[in-house]
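Structure first, commentary second.
The values are calculated or read from the model by the stated rules, or taken from the named source; none is laboratory data. Because the structure is a prediction, the values reported are computed rather than measured. Here the Cβ positions follow ideal geometry from the backbone for every residue, glycine too, while neighbour counts run over all protein chains shown. The accessibility values were calculated without ligands, DNA or RNA, using every heavy atom of the protein model including side chains. Shrake-Rupley method; radii C 1.70, N 1.55, O 1.52, S 1.80 Å.
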Amino acid sequence: MEEMEVDVLLGGTETVGENGAQLAIQISDSGSSTDVEENEGAEVEAPDPPRLLMSAWAFSQGMEPVRRTAPAPTPPRVVRRRAGRSGPRLRPSTQPTLSHTRPLDFLLRVPAAVAAEPGLGNALVVSESEDEDEASAPGSPLLPASPADTGPGGPAALMPLQDPAAAAAAADHFVAVETERTGPTAPQQPELALAPAAQNVAPAGVDQGEDGEGETCSICFESWTTAGEHRLATLRCGHLFGFKCIDRWLRGAGSQCPQCNKKAKRSDIVRLYARKLRALDNSEQEGIKRMLQQEQELRRKAESESAQCRLQLQVMTHECGKLRKQIQELKTLMAQPGCGPSQPSGAAPMGLSQRQDSAQGGQYAFAKAVLVSQTGGCRVLAYCEPLCCLLASQPSPQATLVPGYGVKKISAVSLKACQYVPIHAKQIRGLAFSKQPDSLLLSAALDNTLKLTSLLTNTVVQTYNTGRPVWSCCWCLDNSNYVYAGLNNGSVLLYDTRDTSTHVQELVPLGSRCPVTSVSYVPRAASSSFPCGGLIAGSLAGGCFWEQVDEAAYRPHILPLETGGCTDIQVEPESRHCLVTYRPGRSNPSLRCVLMELSRAPQEDAAQPPACSCQPVQSFSAGTSCKLLTKNAVFRSPARGGRSTLVCAGDEASNSTMVWDAGTGALLQKLPADLPVLDICPFEVNQDSYLASLTEKMLKVYKWE
C-alpha cells in the first residue's frame with residue numbers, strides 16, 4: 001500500500017452548523033483508485049488535542065504571551081478516508097528523537113515547522129503508510145522535527161515520542177490538528193496539544209492484586225496512613241479502615257460495621273500503630289499442631305496401658321508359677337502311699353491349705369494404738385530391723401530440762417513405747433536406716449544439721465553442718481558410706497561417713513529452687529528395662545533423677561512430672577516403680593497418687609548417653625484436702641508371695657489411710673484414724689506383716705491377716 005498524505009488546513013474558519021455546532025472536517029480523496037480502503041459513513045472522533053504552553057509559543061514567535069482563561073473549544077470531528085496515492089514520499093528526519101524530558105526544545109521548534117507554508121496558513125502535513133502504521137506501536141504520538149531537518153518550505157516530519165505513558169494513550173493513526181479560536185475581537189492563536197497521559201496506570205492506593213491486599217480502606221479505597229486523619233483504625237469486630245472514613249461513617253446514619261454489619265459506635269474505634277499489615281495464613285500449621293497433640297496424647301495413653309499390661313502380666317506370671325508349684329505338690333502328695341483318688345479333698349495337709357488361703361489374699365486388721373506425744377508435734381516414722389523397733393519423731397517431753405526434738409522407740413514385738421532419744425534442736429523432717437545391721441539412724445532437721453545416731457548407745461556419733469535447713473535424707477543403697485541430704489534451696493548434698501569435715505559433692509538443681517521434700521535412692525540392677533542406679537529428688541516443682549555414672553559423677557534427668565503440686569516421691573526398689581503424690585489443684589480437685597514406672601530409652605548415638613524417664617502406670621484419687629506434706633508408701637504386698645504391689649496414702653479429708661492394689665487400681669481398705677495421717681511405714685516381725693500409720697499424737701499399727 002502506498003503512503004497516504006493527509007492535509008488539514010487549520011488557518012481558515014471553522015464550519016459551523018445551524019445550532020452553532022462545529023461540523024466535521026471532510027478530508028477529500030486524492031483521486032487514486034488503486035488500493036482503496038474506505039469506511040463510508042464512519043465517523044471517528046479525534047482525541048482531545050494536547051495543549052501547548054502559550055508562553056513558550058509566544059516566546060518562539062517573538063510576541064507577548066496571551067493568557068487564555070476560556071476553556072478549550074471542542075475538537076473537530078474528522079472523517080478520514082484512506083486511499084492510495086502516488087507522489088513523493090516524505091521521509092522522517094534523521095535528527096535524533098526528542099526526549100520527553102526536554103519539553104522546551106520541542107515547544108520552540110513547533111511554530112517554525114508549522115509556518116513553513118505561508119500560503120496555506122498554519123498547517124501540518126502528515127505522511128504515513130500502511131506498513132508504517134502496522135510497525136509503529138498503537139497510540140504513540142508524533143512530534144514535529146525542526147525545519148532544518150526537512151529543508152526550507154518543506155513539510156515538517158513528525159518524530160515518534162519515546163515516552164511510554166504517552167505511547168500507550170495515542171491513537172492508531174496519527175493526525176495532527178491545529179485549531180483556531182474564533183471570536184469577534186480575539187486574535188487567532190495557534191495551539192498544539194500534547195498527547196494525553198496514559199489512562200491505564202492505576203492510581204496510588206488502589207488494590208493491585210496480592211501486593212495491595214490489606215493496604216486500603218474498604219470505605220474510600222485509599223491507602224491508610226500511619227499518621228494523620230486517615231491513619232489505620234479498627235473496630236471490635238476486627239475490620240480495618242481509615243480513621244477519618246470510619247469516624248464519618250459512624251457519625252452519620254451508620255451504626256454498624258460496613259463489612260460485617262455488627263453493631264458499632266464511635267467509642268469502639270481503636271487506632272492501630274502499624275506500617276503495614278499482612279495476615280499470615282497459619283491454619284494448616286495450627287491443624288498440624290492439633291494433630292501432633294492428639295498423637296502425643298494417644299501415645300501417652302498407649303504407654304500407660306502398656307505399663308499396666310506389663311504389671312498385670314508380671315502378677316499373672318507369678319500366679320501361674322504358684323499354681324504350677326501347687327499342682328506339683330499335689331501330684332507329689334497323690335503319689336505318696338495312703339493318698340488315693342478316693343481320699344476326700346478335706347484330708348489335704350493343713351500347711352497347703354494355709355498357703356492357698358494366703359495366696360488368695362488378705363487384709364489389714366487393727367492391732368494396737370500407741371500414744372507417742374501428748375502435746376503433738378510428731379512428723380516422720382522409720383523402722384529399725386536389727387532392733388525390731390519403730391522410731392517416731394517428736395518434740396522433747398521434758399522441754400524445760402531437755403529442749404529440742406528427738407525420736408521415741410516403740411517395740412515392734414510388744415507394741416509399747418520404750419525410750420526417748422534427743423537428737424536435734426529443731427523439728428526433724430527425715431529419718432532413714434541403711435541395709436547394714438549397725439543400727440545407725442540418719443536424721444535431717446531444720447536446725448541446718450544432718451546427724452548419725454547409734455541406737456545401741458542412744459548417742460549422736462556424727463554431725464554434719466549443711467548451712468541450710470534440711471528437709472529430707474536417705475542412704476546410698478549401693479554404697480553404705482554415702483548419705484544424701486535435701487536442702488530447702490533445691491540442692492542435694494552428698495556426704496561420706498568417713499569424711500567428717502564437709503560434703504563431698506553438691507547436686508545443684510536445674511530449674512526451680514524449691515525445697516527438696518523427698519529423696520530416694522534406686523539401686524543398680526541387672527534389669528534390662530532400667531539398670532541404672534541413682535537418686536530421685538522430689539521437690540514442690542517436680543522431680544529429677546540423678547544417675548550415678550561413677551562414685552564422683554552424676555548425670556541429671558528431668559522426670560516428666562506435672563509442674564507444681566508435687567509433695568512426695570517414694571520408690572519401691574525391687575519393682576523399679578515410684579509413687580508421686582500431687583496435692584489438689586484447679587485441674588484436679590482431689591489428692592492424687594500416680595504410680596510411675598522408671599524406664600530408659602535405647603541409646604541411639606554413641607556420643608549421646610541414653611535418657612532416663614518414667615511413664616504413669618496407675619492413678620489413685622483420695623480426698624480434696626492436702627494442707628500437710630504427707631509421706632506415702634509403695635511396697636510389696638504380703639499376699640501372693642510379695643509379687644503384687646500395694647499403695648498406701650493418707651487422706652486428710654477423712655482422717656484415714658487408703659490402701660490400693662497397684663495392679664488393678666481398686667481400693668482395698670480404708671483404715672480410720674483420729675487425726676490426719678502424716679507418715680506410713682510397713683514392716684515385718686517374726687514373718688508377720690504390719691502397717692504403721694503416724695498422726696500428730698498417735699501411732700496405729702495394723703496386722704495383715
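Below is a table of values for the structure above.
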| quantity | calculated |
| --- | --- |
| In order through region 326-331: 3J(HN,Hα) via Karplus (6.51 cos²θ - 1.76 cosθ + 1.60), integer Hz, x for Gly, Pro | 5, 5, 5, 5, 5, 5 |
| Accessible surface of Thr664 - all protein chains present, 1.4 Å probe, nearest 10 Å² | 100 Å² |
| Residues of region 216-320: accessible area per residue with a 1.4 Å probe, Å² | 75 Å² |
| Asp247-Asp281 FRET efficiency (beta carbon distance; Förster radius 35 Å; 0.05 resolution) | 0.70 |
| Relative contact order (percent, whole number), region 599-688, Cα cutoff 8 Å, 6+ residue spacing | 22 percent |
| Under the Karplus curve 6.51 cos²θ - 1.76 cosθ + 1.60, θ = phi - 60°, whole-Hz ³J(HN,Hα) for region 483-489, x wherever Gly or Pro sits | 9, 10, 9, x, 9, 7, 9 |
| Accessible carbon and sulfur surface of region 594-673 relative to its total accessible area, %, 1.4 Å | 49 percent |
| Surface share of carbon and sulfur [accessible, 1.4 angstrom probe, percent] for region 476-541 | 48 percent |
| Paramagnetic reach from Val549 (point 7 Å along Cα→Cβ, amide N under 20 Å) across region 488-521 | 492-495, 504-511 |
| Val685-Lys426 pseudo-label distance in nm [points 7 Å out on the Cα-to-Cβ vector] | 3.4 nm |
| Accessible area in square angstrom per residue, region 570-688, 1.4 angstrom probe | 43 Å² |
| With DNA, RNA and ligands ignored, accessible area of Asp281 (1.4 Å probe; Å², nearest 10) | 130 Å² |
| Length added when fully stretched, Ser218-Leu510, from 0.36 nm per residue minus Cα-Cα | 99.7 nm |
| Heavy-atom accessible surface of region 415-465: percent carbon and sulfur, 1.4 Å | 50 percent |
| Value of relative contact order over region 400-545, rounded to a whole percent, pairs C-alpha under 8 Å and six or more apart | 14 percent |
| Eligible lysines near Lys262 by straight Cα distance, threshold 26 Å, same-chain separation 8 or greater | Lys244, Lys276 |
| At R0 = 22 Å, FRET efficiency that the Cβ-Cβ distance of Lys670 and Ser306 yields, to 0.05 | 0.15 |
| Two-decimal Rg to Rh for region 628-705 - Kirkwood Rh, Cα set | 0.95 |
| Rough spin-label spacing in nm, given labels placed 7 Å along Cα→Cβ, for Lys289 and Glu385 | 5.3 nm |
| Å² of accessible area per residue within region 370-514, as computed with a 1.4 Å probe and no ligands counted | 42 Å² |
| Point-to-point label distance, Ile558-Thr317, nm (Cα→Cβ direction, 7 Å offset) | 3.4 nm |
| Three-way shape call for region 666-705 based on the alpha-carbon gyration tensor, with the a/c threshold at 1.5 | oblate |
| Overall form of region 562-705 per C-alpha gyration tensor (a/c, 1.5; a/b vs b/c) | oblate |
| Region 461-560 - percent relative contact order, Cα under 8 Å, separation 6 or more | 19 percent |
